[in-house]
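Below is one structure, written out as structure tokens, with a few remarks after it.
The values are calculated or read from the model by the stated rules, or taken from the named source; none is laboratory data. All values derive from a computational prediction rather than experimental measurement. No Cβ is skipped: glycine too gets one built from the backbone with ideal geometry, and neighbour counts run over all protein chains shown. Note: accessible area is taken over every heavy atom of the protein model, side chains too, but ligands, DNA and RNA are not part of it. Shrake-Rupley method; radii C 1.70, N 1.55, O 1.52, S 1.80 Å.
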Number of protein chains: 2
Amino acid sequence: MATDCGKSTQLAFRVTEQQLIDEKSFATQAKAMSHPARVRILKILFNLDELGGCLSSDLVAEVGLAQSTVSEHIRILKQAGFICAEPNPPKICYRINRQALEDYKQQYCQLF
Amino acid sequence: MATDCGKSTQLAFRVTEQQLIDEKSFATQAKAMSHPARVRILKILFNLDELGGCLSSDLVAEVGLAQSTVSEHIRILKQAGFICAEPNPPKICYRINRQALEDYKQQYCQLF
DNA sequence: ATAGTTAATCGTCGATTAACGATAAGGTTA
DNA sequence: TAACCTTATCGTTAATCGACGATTAACTAT
């Protein structure tokens, strides 16, 4: 059935400015996770969390894309806050940010 | 610290074919939610679930984009399984698919 | 100081996305 | 049948994305 379809009052559509901000924020986070290579990277770093993360070169070997491409994916994930970089010159150790993963879930649960 | 960084064994990177499929599937779902207008649409339909969904024209009015643009966003959400269309000629009633929303959360929890 | 290693940045390219107006398709109702 | 309403599709345009190789930058170690 869907007999009432279209009878929805304007009231049902009312939305606060904060709500729109939250939705946009969520969309941005979702976008960071919207590529298989990035999900792969997140998963690897998630698994390696206790082992202290890993290097970009390890990720490059694993995902099978060019170094520059992986670097770009890393940049996107970093910007979204899902991973962080610990300088360990001349290397850089990438690690998962479990809190950000948790926050994403919270955002989702709050929306739906 | 990050002293162990780089010492990760190959073992830690081992991944099954199914795992890759799941990650790709999750990325695809995330992509469907990676646009503010689409999140907005999902939220509206989520709120209207008990009221029996709403029409495309209602969504057009709400998100403030052209009818054809909203139609495309609807198509993407439909394809991802997050919403469904109930023909109610000549209108079409769009509704949220709560199960798909739940499944997405499960996918996420399974990954991280 | 020089050579080597690691990661970021640059420039380019093709593909995809997002947006729009215009048009077509499907189905009611007069 | 004809006019109408609702939604999908088409065609176009500008912008963004994803990938790559080449180069640069930062730092170590010889």
Check: Once A and B are treated as a pair rather than alone, how much accessible area drops out, both sides summed, in Å² to 100, probe 1.4 Å?
Finding: 4100 Å²
Next item on the list: Please work out how much length the chain gains when fully extended from B:Ala61 to B:Arg98, using 0.36 nm per residue of separation minus the C-alpha to C-alpha distance, in nm with one decimal.
Entry: 11.0 nm
Next item on the list: Take B:Val15, project a point 7 Å from its Cα along the Cβ direction, then tell me which residues of region A:61-102 have their backbone nitrogen under 12 Å from it.
Entry: A:61-65
Note to self: Run the label-point distances for B:Lys91 please: 7 Å along Cα to Cβ, every other copy, nanometres, shortest first.
What the structure shows: 6.3
Note to self: Between A:Ala85 and B:Lys91, what is the label-point separation in nm under the 7 Å Cα-to-beta-carbon projection?
What the structure shows: 5.3 nm
Notebook entry, point to check: Per 10 Å bin from zero, what fraction in whole % of the C-alpha pairs of the protein assembly as shown is there, up to the bin with the longest pair?
Noted result: 8, 31, 28, 18, 11, 4, 0
Check: How big is the C-alpha Rg of chain B next to the rule-of-thumb value 2.2 N^0.38 Å, as a ratio?
Finding: 1.42
Checklist line | aspartates and glutamates with Cα under 16 Å of A:Lys78, excluding same-chain neighbours fewer than 8 positions away | finding: A:Asp49, A:Glu86, A:Glu102, A:Asp103
Margin query: Please compute the average number of Cβ atoms from other chains found within 10 Å of each residue's Cβ in peptide B:57-64.
Written below: 2
Next item on the list: Roll a 1.4 Å probe over the protein chains and send me the accessible area per residue for region A:18-111 in Å².
Entry: 47 Å²
